[in-house]
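Remarks on the structure that follows.
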Amino acid sequence: MNVLMPQLGETVTEGTISAWFKSIGDAVTAGENLFEIETDKAAMEVQAVESGVLTEIRGAVGDTLDVGSVVAVIGGQEQPAAAETKPVATAVQEGPSAEAPTTRPNGVSAAVDFGPFSEVRTPERGYGRAGPYAGLRSTPLARRLASQNNVDLMAVAQQVKARGGSRIAKADVLAVAHAARSRPATPGLPGPERAPGTKRLPLNKIRRRTAAHLTQSWQTIPHVLQAVEADFHNVEKTRAALNAQFSDTWGFKLSYLPFIARAVCLAIREYPFVNASIDGTDLIVHPTVNLGVAVDLAHDGLVVPVIHNADGLNLIGLARALKTKAEQARKGALTPGDIAGGTYTISNSGGFGTLITAPIINPPEVAILSTDGVSKKPVIVDTEDGEHIAIRPVGILAQSFDHRAFDGAYSASFLGEVRRALETRDWRQEI
């Protein structure tokens, strides 16, 4: 039986293999994890649909294959002969091997071509493809352990090369990690790992990908932060009335977030450059709003599912979409297509009572809005009888924007339009 690269989303046409859980000759049970596919923001595991023995592996770790391509073959209960084993399988087998690395058409060793979504990309540091350790290979497990234990694969490669080895295995990485932990602390400096109660917690995949993505954003994009205060009195009145009347019908209650999301979509109609992306020296202005909304996964990190064509939804439609995406994210049910194609992002910290947050832009987008806590404050309101002080629910809307895409006046005008919609729109027309 052929195991195919699955469809990862409506707009996704290929997938990159980031890990194998089985090796050639292993028994496989239906429903058991075979391999993992990873993008820059999500990972998904692919299960076997039939039981048998893994007889072929046609995609090594780091390989990018088209949807529908054969990734592996599951056969009968007999283990395949060594002559039938495809060379590419050496990239996923454990233990020492005397086999020469297989090569792709471009002449690069498949065993060391880790690909764009590998956990450790060492070739650009002189390991694997060139330099003094050219030709050395490593198992996926060894690379993962190196990443989790902050072990430099160059240091491991040096030891393996010194003893005439040609492959970095799990034991090689653990030996270096153990030696580093056993090394005495530098005199005069505290040794935090030896302090009572200190824990070492490896960053999970979501946090590592988020760190890499946002570090690049912060280092390459000229961020500017602007913020406005918005009076949520109009929203609160509408929200209270609609929740009392329709929450049983809808199956949920309206929070502030769908009002803000709808106000953003309306404001983008007037200020379309906010809904854009940078491509080299060009600004790509998108015709529809694909709205990303950050979802917190507690200590597991956060993800940003995307509501495609959000500007075509009314208030209730957006509320339903937000609820569905958040539930899917917390259940781990998002596909790569669910987090792809965003054009503008909202980071919602309001439920935690924050005052103001300076969010980091999610490239290639050019702006991101933070919605912080709404609290009661005394404000001056204009009435027919003049100005009066009233207690109103007030919150801050803070936008970080890419100064290459537009200037402060444009951003401020956009924020003003979002605020105007929140404060003056007749929201009951949205149901």
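The values are calculated or read from the model by the stated rules, or taken from the named source; none is laboratory data. Keep in mind that this is a model prediction, so the values were computed, not measured. FYI the Cβ positions are ideal-geometry reconstructions off the backbone, even for glycines, and counts take in every protein chain you see.
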*Looking only at region 33-48, which residues are modelled with pLDDT under 85, in a loop (DSSP other than H, G, I, E, B) and out of contact with any Lys or Arg (no Cβ under 8 Å at 6 or more places or on another chain)?*
THR39, ALA42
*Output for region 208-253, where each listed residue is of a type in the set (D, E, K, R), surrounded by 13 or more Cβ atoms within 10 Å (Cβ to Cβ) and closer than 18 Å to GLY317 by Cα*: ARG239, LYS253
_Positions within region 143-175 being at pLDDT below 75, under 27 Å from ILE206 (Cβ atoms) and among the small types (Gly, Ala, Ser), in sequence order_ = SER147
